[in-house]
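The values are calculated or read from the model by the stated rules, or taken from the named source; none is laboratory data. Treat the numbers as computed from the prediction; the structure is a model and nothing was measured. For neighbour counting, all protein chains shown are included, and Cβ atoms are generated from backbone atoms with ideal geometry for every residue, glycine included.
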Amino acid sequence: MEVFGLLAGGFATALQPINIAFLFVGVTLGLVIGVLPGLGGTSGVAILLPISVVIARGDIAGADTTTAVILLAGIYWGALFGGVITSILFNIPGEPWSVVLLFDGFPLAKRKGKPGLALTSSFLASFVGAFIATVLFTLFAKEIADRALAFGPPELFAVFVLSFATLVGLGAESPLKALAMLAMGLLLAAIGFDTITGSQRLIPFAGSEFEPLRNIQINLLAGVGFVPVTIGLFGIGEILASAEEQGIGYMEKISAKLGFKDLLEALGALRKRWFLVVSNSLIGFLFGVLPGHGATAASFLGYGLARQYAKNKEDFGKGEISGIMGPQATADAAGVASLVPMVTLGVPGSPTSAVIMAGLFVWGLQPGPLLFTEHSTFVWGLIASIYLGHFLTFILCLLAVPLLASIMRVPYAIITPFIVVISIIGSYSLNNSMLDVAFTVIFGLVGYWLRKMKYPLAPLVVALVLGDSTERELRKTLIAGAGNPAFFFSSTLSTVVMILAAIVLILPLVGAVRGRLRRAGVAADDTD
Amino acid sequence: MGTAAAIALIAAVAMFDSRAAWSPVRGTAPGDVGASWYPFWTAAVMGLAAVGVAYRALVLPQPKAGVFASRASVVAVLNLVLPMFLYALSFQWLGFYLATGLYMGFFAAYLGRYRFYWIIASAVITPLAIFLLFEVGFRLLLPKSIFYPGIPF
C-alpha cells in the first residue's frame, strides 16, 4: 500500500505544468528522432543531455532534476514508438528496435494494403507492453532498492561484474569484440586523477612545455567526460553511418492516415492475441532488467517467441499481426525495464539508460538504492511520468502519423548539418570546453568506424559510465580485505552474483564449442 | 584486422604508461593495489581481446567485399567529415554563430544545390534559432568570433 501512496506523490510531481510541458517536448522530440533513420533514441538523449543540465540546475522557473529526467525519458519513450512509423510506411527502420517490424509491418501495410492497422496494432502493443512493465517497475523497484541498500563493496563490485559479463556473454555477436570495447570504456574512465591516491594516470604529453598540449593535459586531468564521448559515438557516428547509406538506400513510401476504424480493428486483433502480448511483455520486462540489453535484442526475442508459438507460422513475414504485436510489446517492456537496474542499483540496463544515468551524475545525483530514500520525489516523479509519457505518446502517435511521416521529407542537406551543429554545441556547452568538442568529433569518427567494423558500442558506453564506480568498489574491497582476493566472495550474495557472472560469460563459449563440434560431426558424416 | 591491431597498440601504450603497477610501493592503504594496477590490467584485457579478434580474422574466412560498398559511399562520408572538421576547427576564430552560418550555408549550397535565398535562409535561421534557444532561453553563452564586439557575434 505504501507504494501506491508514493506513486500518488509521484503523479502530483509529474502532473505539474512545467513537467507536463517538458514531457510533451521530450515525447515529441523522441517521436521526431524515432522517425528520422539517421538518429537513434540514445543519440537523441545524448544530444539533449547538456540542455537537461540547464533544466536540472533550476534556470527555468519551477524546473528541477525531475523535470530534466522527465524530458530525457520522454525522448526515449517517443523514440520507442517513433521508429515504428518509418519501418511500416517507408520500409526503413527508424530505430534499431524497429528493424524487426520490416518482417511483417511493411508487408501488412503494402501487400495487404492496411497501413493504418499495422501502425495502430504496433502502437497498441507498445502501449500495453510499456504499461505492464511500468506496473512491475512500480511494484518491485522499491523492494529491489531496499535490498540493495545492504550491499557493500564486494556485492556492488559483483553486480558491476555481472552487468559487464552480460554485455560480453549474452547477445553480443562477437564476445571478443564486446570485451575489447568494454575494456576500452574502462580504460577511458581511468584517464585523469586517481580518486584514491590523487596521482595522474594515462595523461599524454605529460611534462610538455608547448602551450596547447599543456592545456589538453590540464583538461584531461578531470577525466574524459562521458557526455561528449557518447554524443560523438552515437550522435555523430550514426549520422556518418547514415550518410554512407544515403546513396545506397531505396525508399518505398506508403501514405497513411489513422481512423477510428483502424483503432477498433487493432483492438479486436489485440483481444485475439492478448496472451501473446501479455506474456511477451512479461518476458520483455525480465529481459530488460538484465543490464546491458534493452529494446533491440528484446524485439528480436519477442518476434522469435511470437513465431515459435504461433499456429500459422507460414503467415509470418507476409504481414501477420502477431509478428508486429509480439516484438513491439517485448521491446517496449524491455525499454521501460532497462531503467529498473539504473534506478535501483546504479547499473544501466541499456545504452539509452546509460546516457540517462550519465545525466543523473552530471546533475549531482547518485543513481542507486539511496535515490529512493534521499530523492524519493525524483524517483516517484520519474515512475509516474512513465505512465503519463506512454499515454501521451500513444495519443500523439494516433493523431499525428501523417505529420510525423512528413519529417522524412526534410532535405538531407538541412537535417544532417543541423544534427551535427546541435551535437557539437551540446557537447561544448556542458563545460565550455573546446576539448569536449574535439572529443565529440574524434569519437564520432571512432564510433562510425567501430560500428562499420561490427564492434558493439554499448559495452564501451556502459563501461565508461560505470568505470569509476567499478574501480572504486574493487579497491575498497581489496583494502577492506587487506589485499586478500577471497574477500570478493565474503558474502553469499557476492559469491552467487560472481558465479552467475562466470556462467553468463562462459555460456557463449560453451555454445561456440558445441557448434564447432556439431559442424565437425556433419563434416565427418559428409566425408563418410 | 587493422582495427584490432590499432586497439592492441593503444592497449600496449596504456600498459607501458601504467608500468608502475609492478612497483613494490603502491597504494596509500594496506591492500590497495595503487593507481596504475587497474589501468594496466584493463589495458591488458583490451589488448588480449584485440589479439583474439585479429587471430580470428586471420584464421576464419572473411568476406571479400571491401570496407566501403562503393566510391559513392566514401564520398558521402567525406562530404560530411571534412566540413565537420573545418567547422569544429573554425570556432576559435569565427565563433559559433559565424561558423554555424557558414557551415549550414555550405551544405545548402553544395549538397542541396538550393537557390541563393534558401541558402541565405538556412545560414541565418539556424544560428538565430541557436542564439534564441541557448543564449536567450537557457542563458548559455557561446563563443563569439575574433571580430566581436565589432560585430555582435
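A few comments on the model shown:
- For the range A:346-376, the set of residues classified as of a type in the set (A, V, I, L, M) and under 16 Å from the mean Cα position of the chain (by Cα) consists of A:347, A:354, A:355, A:356, A:357, A:358, A:360, listed by residue number.
- Within the range B:131-152, the residues that satisfy the criterion of being more than 14 Å from every other protein chain (Cβ to nearest Cβ) and among the hydrophobic types (A, V, I, L, M, F, W, C) are B:146, B:147, B:151.
- Filter pass, residue A:391 being surrounded by fewer than 24 Cβ atoms within 10 Å (Cβ to Cβ) and at pLDDT 85 or above: yes
- Unique match (being at negative phi and at pLDDT 90 or above) among A:286, A:282, A:264, A:371: A:282
- Residue within the range B:17-36 that is among the aliphatic types (A, V, I, L, M) and at pLDDT 90 or above present: no
- Matching residues, the range A:455-468, being closer than 21 Å to residue A:152 by Cβ and within 12 Å of chain B (Cβ to nearest Cβ): A:467, A:468
- Here A:456, A:411 are screened, and the one residue that is within 20 Å of the chain's Cα centre (by Cα) and not hydroxyl-bearing (Ser, Thr, Tyr) is A:456.
- Among the candidates A:384, A:331, residue that is part of a helix (DSSP H, G or I) and farther than 22 Å from residue A:24 by Cβ: A:331
- Within the set A:401, A:379, A:437, the sole residue that is under 23 Å from the mean Cα position of the chain (by Cα) and β-branched (Val, Ile, Thr) turns out to be A:379.
- When restricted to residues that are surrounded by 13 or more Cβ atoms within 10 Å (Cβ to Cβ), over 21 Å from residue A:49 (Cβ atoms) and touching a residue at least 40 places away in the same chain (Cβ under 8 Å), the range B:128-146 contains 2.
- When A:482, A:438, A:413 are checked against the criterion of being at the interface with another protein chain (Cβ under 8 Å from one of its Cβ atoms), without any contact (Cβ under 8 Å) to a residue 24 or more places away in the chain and not in a helix (DSSP H, G or I), a single residue qualifies: A:482.
- Some residue of the range A:72-94 being surrounded by fewer than 24 Cβ atoms within 10 Å (Cβ to Cβ), modelled with pLDDT of 80 or more and of a type in the set (Ser, Thr, Tyr): no
- So residue A:28, is it part of a helix (DSSP H, G or I), surrounded by fewer than 20 Cβ atoms within 10 Å (Cβ to Cβ) and not acidic (Asp, Glu): yes
- Qualifying positions in the range B:86-105 - surrounded by 18 or more Cβ atoms within 10 Å (Cβ to Cβ) and within 8 Å of chain A (Cβ to nearest Cβ): B:87, B:88, B:91, B:96, B:100, B:103, B:104
- Test: residue B:94 is at pLDDT 90 or above, under 30 Å from residue B:147 (Cβ atoms) and in a helix (DSSP H, G or I): yes
- Candidates A:348, A:327 - the one that is modelled with pLDDT under 85 and out of contact with any strand residue (DSSP E or B) (no Cβ under 8 Å at 6 or more places or on another chain): A:348
- Residues of the range B:56-77 that turn out to be more than 9 Å from chain A (Cβ to nearest Cβ) and either under 29 Å from residue A:440 (Cβ atoms) or in a helix (DSSP H, G or I) (or both), as a count: 5
- In the range A:422-433, the residue that is farthest from residue A:461 (Cα to Cα) out of those that are facing chain B (nearest Cβ under 7 Å) and among the aliphatic types (A, V, I, L, M) is A:425.
- When we screen A:306, A:358, A:310 for residues that are modelled with pLDDT under 90, among the small types (Gly, Ala, Ser) and not in a helix (DSSP H, G or I), the only hit is A:310.
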